Amino acid sequence: MIPSAFDYVRAASVDEALAQLAEHGDEAKLLAGGHSLLPLMKLRLAAPTVLIDIGRLRDLSYVRDGGNHVAVGALTRHRDVEVSDLLRAEVPLLAHTAGLVGDPQVRHRGTIGGSVAHGDPASDLPAVVLALGGTLVARGPGGEREIAAGEFFHGFLETALAPDEMLTEIRLPKRPGAGWSYQKFNRRAQDWAIVGVAAVRNGGAGVALVNMGSTPLRATAVEQALASGASPADAAAHAAEGTEPPDDLNGSADYRRHLVQVLVRRALEEAGARG
Amino acid sequence: MMTAVRITLTVNGTRHDDDVEPRLLLVHYLRETRGLTGTNVGCDTTSCGACTVLLDGESVKSCTVLAVQADGGEVTTIEGLASGDAMHPVQEAFREHHGLQCGYCTPGMVMAAVSFLAEHPDPSEDEVRHGLEGNLCRCTGYHNIVKAVMAAAKTPAAPRA
Ligand SMILES: Cc1cc2nc3c(=O)[nH]c(=O)nc-3n(C[C@H](O)[C@H](O)[C@H](O)COP(=O)(O)OP(=O)(O)OC[C@H]3O[C@@H](n4cnc5c(N)ncnc54)[C@H](O)[C@@H]3O)c2cc1C
Ligand code: FES
Ligand code: FES
């Protein structure tokens with residue numbers, strides 16, 4: 001399978017990438033690790049006529065201490081997120097989950113920015129960023145802006161990013177002493193989650209769901225139940241509320257509505273035990 | 001054809017300059033431009049790992065990397081692992097422990113194992129199984145592949161590509 005033909009340009013800086021986006025408009029797509037985009041192009045489900053390669057912007061590959069948060073550059077690969085000492089210490093949920101994305105070869109190429117910008121409801125990292133209450137930093141012709149994770153995912157593969165904007169940084173608040181858990185349920189090792197749950201608890205709880213609708217979802221009913229004192233098992237019974245899970249070869253919507261309750265309970269119990 | 005791009009790639013230690021179409025996949029560059037047919041295409045959908053090569057020392061699925069993305073990099077394929085007549089310890093271990101049957105997955109499996117061992121010099125069996133998640137084998141049931149990788153990890157001074 002070969003993608004349809006396109007022109008290839010390489011951005012040497014964020015400014016250059018933004019200028020190229022402005023020049024080529026809708027025809028163009030940014031190329032980071034290519035591990036969501038190239039499979040789509042090979043299947044001809046996507047056919048941009050210009051690819052703007054941002055994969056060489058190594059100055060956007062970093063994990064930095066930002067005081068009350070940890071800042072991760074958009075071009076940081078899953079593998080580098082997984083093994084980052086700073087993330088393991090301060091945001092272990094993210095480092096752990098990055099190590100569950102796809103397989104080692106995928107983690108050597110795919111980037112956190114690509115994963116979040118792609119906004120696939122079946123992907124692991126968007127839900128983690130949502131559960132943690134992260135902030136996305138975007139740059140466009142008008143400068144830089146910050147978008148709360150809760151306002152970032154708009155629809156199936158649609159995000160708050162404008163076509164002429166680029167995601168540059170992902171900020172994750174530090175939650176010292178918080179318990180956490182990621183539950184990924186799949187049948188084959190390298191697959192996407194059939195359902196996944198990211199949870200973090202200290203005082204308040206953040207719970208986000210993978211593959212339970214057209215976007216990564218915050219499990220607000222579960223969070224509210226916990227806030228009013230429900231046990232993990234009782235709170236988990238609310239996990240399917242407000243979700244519209246897909247029906248596919250891996251499971252029916254009903255199966256997913258059941259599964260998500262089981263996984264939320266496990267996640268809350270594990271997070272409780274770790275906290 | 002859209003505008004061709006000049007790329008420089010070091011493949012198994014030798015530098016090459018080529019003008020390539022942007023959509024040329026690394027695996028096709030290796031097999032067709034370079035004639036290195038040891039790297040196989042199994043699924044073409046980033047699933048099976050048969051096309052695994054090392055790009056700057058790390059395993060990648062070459063069916064999902066554009067040749068232009070690899071520009072300036074160093075690629076190692078199965079043809080570049082041995083030094084002269086001496087097989088790489090991972091190759092030797094696959095032979096010794098019968099880590100293959102039909103052999104179709106083997107080049108990718110060996111390259112994935114080399115990259116895995118560079119990251120995990122002293123792995124547990126469980127880590128080996130997880131570390132090879134990106135590579136499918138229809139023949140062996142994986143048992144002897146895992147045995148081979150465990151044995152290679154114990155080879156003294158195994159050169160890590
Ligand atoms: C076999 C396989 C298994 C996988 N399994 C999983 C899994 O289990 N869990 C999981 O979460 N993911 C999985 N993935 C997806 C993988 O994590 C991707 O790497 C990731 O989703 C996209 O990152 P990328 O850097 O490759 O982005 P690309 O493919 O380069 O880009 C994806 C999209 O985002 C846009 N984009 C990229 N970077 C930016 C940016 N900085 N600003 C604005 N837009 C941007 C691109 O234009 C494109 O539309 C899998 C992929 C494969 C091939
Ligand atoms: S051919 Fe590349 S992963 Fe199967
Ligand atoms: S030996 Fe036949 S596919 Fe692995």
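The values are calculated or read from the model by the stated rules, or taken from the named source; none is laboratory data. All values reported here derive from a predicted model rather than from experimental measurement. With ideal geometry, Cβ positions are generated from the backbone for all residues, glycine too; neighbour counts draw on all protein chains shown. Each accessible area value is taken on the protein alone, full model and side chains, heavy atoms only, with ligands, DNA and RNA left out. Shrake-Rupley method; radii C 1.70, N 1.55, O 1.52, S 1.80 Å.
Return the total of residues in the range B:122-157 being away from ligand 2 (no atom under 16 Å from the Cβ), within 14 Å of chain A (Cβ to nearest Cβ), touching a residue at least 24 places away in the same chain (Cβ under 8 Å) and not in a helix (DSSP H, G or I).
Number of matching residues: 1.
State whether the residues of the range A:4-15 include one that is more than 13 Å from chain B (Cβ to nearest Cβ), surrounded by fewer than 19 Cβ atoms within 10 Å (Cβ to Cβ) and either aromatic (Phe, Trp, Tyr) or more than 22 Å from residue B:73 (Cβ to Cβ) (or both).
Yes; the residues of the range A:4-15 include at least one that is more than 13 Å from chain B (Cβ to nearest Cβ), surrounded by fewer than 19 Cβ atoms within 10 Å (Cβ to Cβ) and either aromatic (Phe, Trp, Tyr) or more than 22 Å from residue B:73 (Cβ to Cβ) (or both).
Does the range B:66-73 contain any residue that is outside the structural domain of residue B:145 (by TED's automatic domain parsing), under 18 Å from residue A:104 (Cα atoms) and away from ligand 1 (no atom under 16 Å from the Cβ)?
no
Return the pairs, sorted by first residue and then second, in which the second residue is at pLDDT 95 or above and assigned to a helix (DSSP H, G or I), the first residue lies in the range B:89-107 and is at positive phi, the beta carbons are less than 6 Å apart, and the residues are 6+ apart or on different chains.
B:98/B:144
Suppose we filter the range A:120-150 for residues that are within 8 Å of ligand 1 (Cβ to nearest atom) and of a type outside the set (A, V, I, L, M, F, W, C); how many remain?
4
On the basis of being at pLDDT 95 or above and open to solvent by 30 Å² or more (accessible area, probe 1.4 Å), does residue B:129 make the cut?
So residue B:129 fits the description; yes.
Pick from the range A:26-53 the residues that are among the charged types (D, E, K, R) and surrounded by 15 or more Cβ atoms within 10 Å (Cβ to Cβ): which of them is nearest to the chain's Cα centre (by Cα)?
A:29
How many residues does the range A:88-147 hold that are open to solvent by 10 Å² or more (accessible area, probe 1.4 Å) and within 16 Å of ligand 2 (Cβ to nearest atom)?
6
Would you call residue A:37 within 12 Å of chain B (Cβ to nearest Cβ), touching a residue at least 60 places away in the same chain (Cβ under 8 Å) and within 8 Å of ligand 1 (Cβ to nearest atom)?
yes
With the checklist (1) surrounded by 17 or more Cβ atoms within 10 Å (Cβ to Cβ); (2) under 27 Å from residue B:23 (Cα atoms); (3) away from every other protein chain (no Cβ under 13 Å) in hand, flag the one item residue A:23 doesn't pass.
So the condition that residue A:23 fails would be (1).
Where residues in the range A:149-179 are under 24 Å from residue A:57 (Cα atoms) and small (Gly, Ala, Ser), which of them is surrounded by the fewest Cβ atoms within 10 Å (Cβ to Cβ)?
Looking at residues that are under 24 Å from residue A:57 (Cα atoms) and small (Gly, Ala, Ser), I get A:162.
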